[in-house]
Amino acid sequence: MSFQLNKGTVIQERYRILDKLGEGGMSVVYRVEDQKEKRQVAVKFLKSGIVSSYVEDIIRFKKEVEVVSRFDHPNIAKFYETGEYQNIPYLVMEIVDGENLADILLRGKRYSVAESVEIISQLCEVLSYVHSRGIIHRDIKPGNIVIRKDGEKNRVKLLDFGLS
């Protein structure tokens with residue numbers, strides 16, 4: 001069963017759904033307006049599935065919350081809080097503007113050597129940070145790497161610590 005929320009739905013009398021950002025095998029992510037803090041954030045909801053795997057998904061999701069809540073790094077989305085809505089766990093995090101590397105490459109984008117080194121360097125830095133805290137990401141792939149232009153520089157964010 002898929003979990004879907006409509007635009008305008010308000011979660012916990014605080015988060016108003018603006019639009020759906022994406023959906024993976026385990027979760028659905030929405031752009032929401034945090035009416036208390038007056039900012040846009042991302043809310044990631046666990047998707048419900050078959051009961052036997054759903055319990056495992058809840059364990060993975062709660063593990064992601066535990067892992068991400070300890071991080072403070074510019075290349076990792078900031079974690080704000082967690083909760084439940086209609087018995088569905090969610091986490092609230094910084095909205096990551098940009099495009100994932102998988103979509104960029106599918107469009108045929110080619111990076112120069114200097115740009116590639118810059119992107120790889122940021123990924124190495126964030127992975128070093130994560131590993132220094134005893135965590136292995138376990139799902140490094142282009143779809144979990146978001147890149148946005150910041151002037152002449154590419155800024156990288158590593159997402160989805162659900163398998164960590």
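The values are calculated or read from the model by the stated rules, or taken from the named source; none is laboratory data. Not measured: the values here are computed from a predicted model. As a convention, Cβ positions derive from the backbone with ideal geometry for all residues, glycine included, and neighbour counts pool all protein chains shown. Remember, those area values only see protein heavy atoms, side chains included, never the ligands or the DNA or RNA. Shrake-Rupley method; radii C 1.70, N 1.55, O 1.52, S 1.80 Å.
Computed values, structure above
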{"read-out": "Check on residue 103, in a loop (DSSP other than H, G, I, E, B) and acidic (Asp, Glu)", "value": "no"}
{"read-out": "Selection count, segment 106-122, where residues are in a helix (DSSP H, G or I), of a type outside the set (Ser, Thr, Tyr) and exposed (fewer than 15 other Cβ atoms within 10 Å of the Cβ)", "value": "5"}
{"read-out": "Residue among 129, 80 that is touching a His at 6+ places or on another chain (Cβ under 6 Å) and hydroxyl-bearing (Ser, Thr, Tyr)", "value": "129"}
{"read-out": "Single residue of 50, 17 found to be among the aliphatic types (A, V, I, L, M), open to solvent by 80 Å² or more (accessible area, probe 1.4 Å) and either at pLDDT 65 or above or out of contact with any Cys (no Cβ under 8 Å at 6 or more places or on another chain) (or both)", "value": "50"}
{"read-out": "Pair list, Cβ < 6 Å and 6+ apart or interchain, from segment 15-35 residues that are hydroxyl-bearing (Ser, Thr, Tyr) to residues that are part of a strand (DSSP E or B) and surrounded by fewer than 15 Cβ atoms within 10 Å (Cβ to Cβ)", "value": "30/20"}
{"read-out": "Selection count, segment 26-45, where residues are in contact with a helix residue (DSSP H, G or I) (Cβ under 9 Å, 6 or more places away or on another chain), open to solvent by 30 Å² or more (accessible area, probe 1.4 Å) and not hydrophobic (A, V, I, L, M, F, W, C)", "value": "0"}
{"read-out": "The lone exception for residue 72 - which of (1) of a type in the set (Asp, Glu); (2) modelled with pLDDT under 90; (3) open to solvent by less than 50 Å² (accessible area, probe 1.4 Å); (4) farther than 19 Å from residue 23 by Cα it fails", "value": "(3)"}
{"read-out": "Residues being buried (at least 16 other Cβ atoms within 10 Å of the Cβ) and either in contact with a Lys or Arg (Cβ under 8 Å, 6 or more places away or on another chain) or at pLDDT 90 or above (or both) - total across segment 131-153", "value": "3"}
{"read-out": "Residue check, residue 89 within 24 Å of residue 25 (Cα to Cα) and open to solvent by 30 Å² or more (accessible area, probe 1.4 Å)", "value": "no"}
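Each row is one residue, and each column tells you yes or no for (1) under 17 Å from the mean Cα position of the chain (by Cα); (2) at pLDDT below 80; (3) outside any loop (DSSP other than H, G, I, E, B).
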| site | (1), (2), (3) |
| --- | --- |
| 2 | no, yes, no |
| 29 | yes, no, yes |
| 42 | yes, no, yes |
| 45 | yes, no, yes |
| 56 | no, yes, yes |
| 67 | yes, yes, yes |
